[in-house]
Amino acid sequence: MRGVFKIWMDEYRSIFTDAGVVLIFFGAIVIYPFFYSLPYLPEVLREIPVAVVDGDNSAMSRKLVRMLDAHENMVVAARFGDMETAKNAFFNREVHGIITIPADFEKQVLRREQATVALYGDASYFLTYRQVMLGCTQVVRTLSAGVEVRRLQAKGATQSQALVLRAPVQAAAFPLFNPAGGYATFVVQFSLVALMQQTLLIGICMLAGTRREKAGADAVRAQQVSGMAEVLGKAGAYFSIYFFHSLYLFQMVPAVFNFARRGNPLDLMIFIVPFLLATIFLGLAVSRWFKSREMSILVVAFTSLPILLVSGFPWPPEAMPGWLLYPGKLIPSTAGINGFLMIGQMGGSLREVTREWSLLWILSAVYFLLALFLFRRNSME
């Protein structure tokens, strides 16, 4: 135990005397969540500027334009008489969509012919395109329903009867766990898990690379303490720091930005224990191959995107190749993200994340044994 405590204190000293590691362990953890969350505070894109090309200029087309402008997703920033002028505004990024109303629009509707309202959206920015498309579709359907209801009323149906005849079956959508459909609720809290894992791995490997650069430092330490003491001492130092970071990330940050917090905070903090241990032991194991601090930053940063992709966060696991899911299970953030989703956002209990929690404990044991083996082998060299 004396050896463990000595390594623990030595690791604290190494952390707090290394400006780069302090920036990774503390600066990134404190600053990154706020700067990453601020742009997404509105949750949903609103008031996206669009242009309208009204080729009909009738009472019905003007009503459609007013309805488009009144929709929360968009604002009619410009009206043009021809498509070429609207294209120039679009390519100059003055508007993010063009809505064209054909000539004889009102006449086609009154003759019960199908009139087509065309939308040209900027699909290079998917969120903008989605909001404009959704808003335009809702407005056109509302106008179409109103025309059909008035026709049925003209035939003698009451308004309630006309509404039922117009749409005998209606769909009711209830967005669970993210009522606003907000982007911040979807992405920010998951990114906090990835942030903890990435900064931990970079910091651990940076410290190991620094020691390798100092001639004989590892050899001297290996003669003084056992591999077990070194692994446990280092892990204790990292865990004590990041457990308090987790309180900040998963309790304080969601409270400040009013993100969803439905689960029991105690369940969340219990769940985070094996996640931190698995990440720390993984970092200790892979750190044995880093001979310089710069290499650790390059390698961990290079692998961060693939690790995030196989976690099933940016793209649903059901739509990914089956063989690609298995390597992802070896990364703590995969089970960590799923567990934090079920507890923090969906309001689940620790019992409902038993599979993810058990997997993290298994990963903790496997990476602990791997780190212990590598540290002991290093001490015998």
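Of the residues making up the range 50-63, those that are within 25 Å of Asn92 (Cβ to Cβ) and either acidic (Asp, Glu) or part of a strand (DSSP E or B) (or both) are Val50, Ala51, Val52, Val53, Asp54. Only one of the numbered conditions (1) more than 17 Å from Phe281 (Cβ to Cβ); (2) among the aliphatic types (A, V, I, L, M); (3) in contact (Cβ under 8 Å) with a residue 40 or more places away in the chain; (4) crowded, with 20+ Cβ neighbours inside 10 Å is not met by Val310, and that is (3).
The single condition from (1) of a type outside the set (Phe, Trp, Tyr); (2) modelled with pLDDT of 85 or more; (3) at positive phi that Ser240 fails is (3). Checking Thr17 against (1) closer than 26 Å to Thr137 by Cβ; (2) among the hydroxyl-bearing types (Ser, Thr, Tyr); (3) at pLDDT 90 or above: exactly one of these is not met. Which one? With respect to (1) closer than 26 Å to Thr137 by Cβ; (2) among the hydroxyl-bearing types (Ser, Thr, Tyr); (3) at pLDDT 90 or above, Thr17 is out only on (1).
Could you say which residue among Val76, Val109 is in the same structural domain as Gly55 (by TED's automatic domain parsing) and in contact with a strand residue (DSSP E or B) (Cβ under 9 Å, 6 or more places away or on another chain)? Full working, then the answer.
On the way: Val109 fails: in contact with a strand residue (DSSP E or B) (Cβ under 9 Å, 6 or more places away or on another chain).
Answer to the check: Val76.
Scan the range 10-24 residue by residue and report those that are part of a helix (DSSP H, G or I) and in contact (Cβ under 8 Å) with a residue 12 or more places away in the chain. If the condition is that a residue be part of a helix (DSSP H, G or I) and in contact (Cβ under 8 Å) with a residue 12 or more places away in the chain, then Asp10, Glu11, Tyr12, Ser14, Ile15, Gly20, Val21, Ile24 are the ones that fit. Scanning the range 77-90 for any residue that is touching a helix residue (DSSP H, G or I) at 6+ places or on another chain (Cβ under 7 Å) and not basic (Lys, Arg) turns up at least one such residue. Pairs meeting the criteria (first residue in the range 345-369 and assigned by TED's automatic domain parsing to the domain that holds Gly328, second residue among the charged types (D, E, K, R) and in a loop (DSSP other than H, G, I, E, B), beta carbons under 6 Å, at least 6 apart or on different chains) are Gly347/Arg262. The helices (runs of 4 or more DSSP H) found entirely in the range 247-327 that carry 2 or more residues being over 30 Å from Phe373 (Cα atoms) are 253-257, 265-286. Enumerate the pairs (first residue in the range 25-49 and outside the structural domain of Tyr125 (by TED's automatic domain parsing) and part of a helix (DSSP H, G or I); second residue anywhere and modelled with pLDDT under 75 and surrounded by fewer than 14 Cβ atoms within 10 Å (Cβ to Cβ)) with beta-carbon separation below 7 Å, excluding pairs fewer than 6 apart on the same chain, so at least 6 apart or on different chains. Close Cβ pairs satisfying both conditions: none exist.
Exactly one residue out of Thr100, Thr85, Thr116 is touching a residue at least 24 places away in the same chain (Cβ under 8 Å), among the polar types (S, T, N, Q) and outside the structural domain of Phe244 (by TED's automatic domain parsing), and it is Thr100.
Scanning the range 73-87 for residues that are surrounded by 13 or more Cβ atoms within 10 Å (Cβ to Cβ) and not aliphatic (A, V, I, L, M) gives Asn73, Arg79, Phe80, Thr85, Lys87.
Put simply, of Ser364, Ser296, Ser333, Ser292 the only residue that is surrounded by 15 or more Cβ atoms within 10 Å (Cβ to Cβ), modelled with pLDDT under 80, under 18 Å from Gln197 (Cβ atoms) and of a type outside the set (A, V, I, L, M, F, W, C) is Ser296.
The values are calculated or read from the model by the stated rules, or taken from the named source; none is laboratory data. As the structure is a prediction and not an experimental result, all values here were calculated from the model. Virtual Cβ from ideal backbone geometry, glycine too; neighbours counted across all protein chains shown.
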